[in-house]
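The values are calculated or read from the model by the stated rules, or taken from the named source; none is laboratory data. Source: prediction; values computed, not measured. Neighbour counts run over all protein chains shown; Cβ positions are idealised from the backbone, glycine included. We work out accessible area using only protein heavy atoms, side chains counted, and drop any ligands, DNA or RNA first. Shrake-Rupley method; radii C 1.70, N 1.55, O 1.52, S 1.80 Å.
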Amino acid sequence: MPDEYNFAYLDEQTKRMIRRAILKGVAVPGYQVPFASREMPMPYGWGTGGVQVTAACLVPADVLKVIDQGADDTTNAVSIRKFFQRTAGVAVTEATGEASVIQTRHRIPEQALREDQILVYQVPIPEPLRFLEPRETETRKMHALEEYGLMHVKLYEDIARHGQIATSYAYPVKVEGRYVMDPSPIPKFDNPKLSDCAALQLFGAGREQRIYALPPYTKVVSLDFEDHPFTPSKADHDCDLCGASDSYLDEVITDDQGGRMFVCSDTDFCRCRREAGHVGRLGGEA
Amino acid sequence: MTLQSATGPEFSQKIRAPDQPLLRVSGLTKRYGARIGCADVCFDLFPGEVLGIVGESGSGKSTLLSCLAGHLAPDAGEVIFATAEGPRDTLQMTEPDRRRLSRTDWAFVHQNPRDGLRMGVSAGGNVGERLMAVGARHYGAIRDKATDWLGRVEIAADRIDDRPSAFSGGMQQRLQIARNLVTAPRLVFMDEPTGGLDVSVQARLLDLLRGLVRDLGLSVIIVTHDLAVVRLLADRLMVMKGGRVVEQGLTDQVLDDPQHAYTQLLVSSVLQV
């Protein structure tokens, strides 16, 4: 670890401020705690909130995993992983089971998490009511007074226009029967994994300066209508590489003749299955 | 009955109504610094009664309406509303209680439908919002009720998924009324509901409002500067000038035999065609 930087980039006062916000978030699950977000050496939208939360949580013994859309090898994941290798000198891994801190963008790992793990989400817009009610003063009041009828107006509009709830990511949830929360842009396939999760889940929004949290084993319910219940959806295929039928899939265009394949979005999950001998439709050739 | 210029509590006692008043306002005052928004306004409103408030621009009628509806905090006075749990001063209520009241028992129709509607949400969603706000969670039931209410305000059922921005001004205003009445409020505040509409559309809207008020037994406080509107809708009339009530009484009485100089001026200013 280079001497010129403090451990994990942020100074200790900043980390203390962020930890206070995290503790408050854990104490009030789903409540958006304001915090003094710092400038980070990356643009907003690249995970400045998640990085600050991770930096405040890391200890030298931690093993870090970074996921971007399920993958460990995309730009965002690689650069954040490198950032913490340089500034904190912590061990890194791609294996979900070996990691103690996992920073993620847009996915929850397929493998069930454990009590000794922390999952950190990067959140672009923490306010679930934002696109329905532009005034921050008003949305805060709505959270305080539990006026969440407007959230159902959005779902109503979905059904009226598309015949079903067409919101497929950032699907609003209610935490412990109290706060409505934006689970960050994870696919709604992942929503059930939020609930009753053994790991601590932390959400950081850098530009919007908000931190919120789900303590382990928190009850999280996806909003829906009685006659249009919530359904976690995924592409109706098996993974073409590992044959998994129960994981979230990415569609990959392979040529300009209409060729396509579906592969697990969670690259670590897919790799483990292939190493264990599972083979999908194109598993031999791809 | 003798007409009184400034009202006192004895006024309400002279008109005997079968029920207790729905709304009892006394000494309501709102100041903007040294200037007066409205001062010392007192009146009672009984169930099923329509009260018109007229006056020139700047006479404090909109300020008064905002104070009554809880949008503005008055400096003095009482607004006692007969809630389901008995009469309560809405100004002393906690904010959650007052907001709950304003989406169940109360409704507010803005002059400009854009202030009262969600322009990015379909007509059905606009009508359904209050239902969902009070806990309706069955899509089919919400939609049926929205369709029913669009019919009642003469909007074709096939427009239910159109956004209000695709509606004409008159339709937007009717949609706003449907959206407000869907939870069967007992008291409706209206701020110049016919402002900005042409006369034929105004006439249809007034006809519709009159029908709804009669059918549902609504109590309405309607603010307007159009004397024709109050002539058609209001049972009782309050004339305001400079933030004070200068005259009040039965609508026909006030309009046909105005006592206060300002009311006489107001009545004589209307063009006869």
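Numbers at a glance
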item	result
Unmet requirement for B:Ile155, which otherwise passes all of (1) in a loop (DSSP other than H, G, I, E, B); (2) within 14 Å of chain A (Cβ to nearest Cβ); (3) in contact (Cβ under 8 Å) with a residue 12 or more places away in the chain; (4) open to solvent by less than 60 Å² (accessible area, probe 1.4 Å)	(2)
Residue that is surrounded by the fewest Cβ atoms within 10 Å (Cβ to Cβ), among those in segment B:74-96 that are in contact with a strand residue (DSSP E or B) (Cβ under 8 Å, 6 or more places away or on another chain) and small (Gly, Ala, Ser)	B:Ala76
Complete set of residues in segment A:213-255 that are open to solvent by less than 30 Å² (accessible area, probe 1.4 Å), outside any loop (DSSP other than H, G, I, E, B) and either within 14 Å of chain B (Cβ to nearest Cβ) or under 20 Å from A:Thr267 (Cα atoms) (or both)	A:Ser222, A:Phe225, A:Leu249
Looking only at segment B:117-129, and only at residues there that are surrounded by fewer than 22 Cβ atoms within 10 Å (Cβ to Cβ) and more than 8 Å from chain A (Cβ to nearest Cβ), the one that is farthest from the chain's Cα centre (by Cα)	B:Gly120
Criterion: open to solvent by less than 30 Å² (accessible area, probe 1.4 Å), more than 19 Å from B:Val153 (Cβ to Cβ) and touching a residue at least 12 places away in the same chain (Cβ under 8 Å) - qualifying residue of B:Thr194, B:Thr263	B:Thr263
Test: residue in segment A:192-212 that is in a loop (DSSP other than H, G, I, E, B), without any contact (Cβ under 8 Å) to a residue 12 or more places away in the chain and either closer than 30 Å to A:Ala56 by Cβ or within 14 Å of chain B (Cβ to nearest Cβ) (or both)	no
Given (1) surrounded by 20 or more Cβ atoms within 10 Å (Cβ to Cβ); (2) in a loop (DSSP other than H, G, I, E, B); (3) hydroxyl-bearing (Ser, Thr, Tyr), number of the condition B:Thr63 does not satisfy	(2)
Hey, A:Gly30 under 23 Å from A:Pro128 (Cβ atoms) and open to solvent by 50 Å² or more (accessible area, probe 1.4 Å) or not	no
Residue match in segment A:261-268 (condition: more than 30 Å from A:Glu176 (Cβ to Cβ) and over 21 Å from the mean Cα position of the chain (by Cα))	yes
Those residues of segment A:159-186 which are under 18 Å from B:Ala146 (Cα atoms) and buried (at least 18 other Cβ atoms within 10 Å of the Cβ), in sequence order	A:Ile159, A:Ala160
Positions within segment A:264-277 being in contact with a helix residue (DSSP H, G or I) (Cβ under 9 Å, 6 or more places away or on another chain) and over 20 Å from A:Phe189 (Cα atoms), in sequence order	A:Cys272
Segment B:241-260: number of residues that are within 21 Å of B:Ser62 (Cβ to Cβ) and open to solvent by 60 Å² or more (accessible area, probe 1.4 Å)	3
Count - residues of segment A:121-147 that are within 12 Å of chain B (Cβ to nearest Cβ) and over 23 Å from the mean Cα position of the chain (by Cα)	9
Selected residue (criterion: farthest from A:Glu94 (Cα to Cα)) from residues of segment A:256-286 that are open to solvent by 50 Å² or more (accessible area, probe 1.4 Å) and not in a loop (DSSP other than H, G, I, E, B)	A:Arg260
Residue match in segment A:137-146 (condition: polar (S, T, N, Q), surrounded by fewer than 20 Cβ atoms within 10 Å (Cβ to Cβ) and not in a loop (DSSP other than H, G, I, E, B))	yes
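Condition check ((1) within 30 Å of A:Gly177 (Cβ to Cβ); (2) in contact (Cβ under 8 Å) with a residue 60 or more places away in the chain; (3) assigned to a helix (DSSP H, G or I)) across all residues:
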site: A:Ala8; (1), (2), (3): no, yes, no
site: A:Thr14; (1), (2), (3): no, no, yes
site: A:Pro41; (1), (2), (3): no, no, no
site: A:Gly50; (1), (2), (3): yes, yes, yes
site: A:Ala56; (1), (2), (3): yes, no, yes
site: A:Ala61; (1), (2), (3): no, no, no
site: A:Asn76; (1), (2), (3): no, no, yes
site: A:Arg81; (1), (2), (3): no, no, yes
site: A:Arg86; (1), (2), (3): no, yes, yes
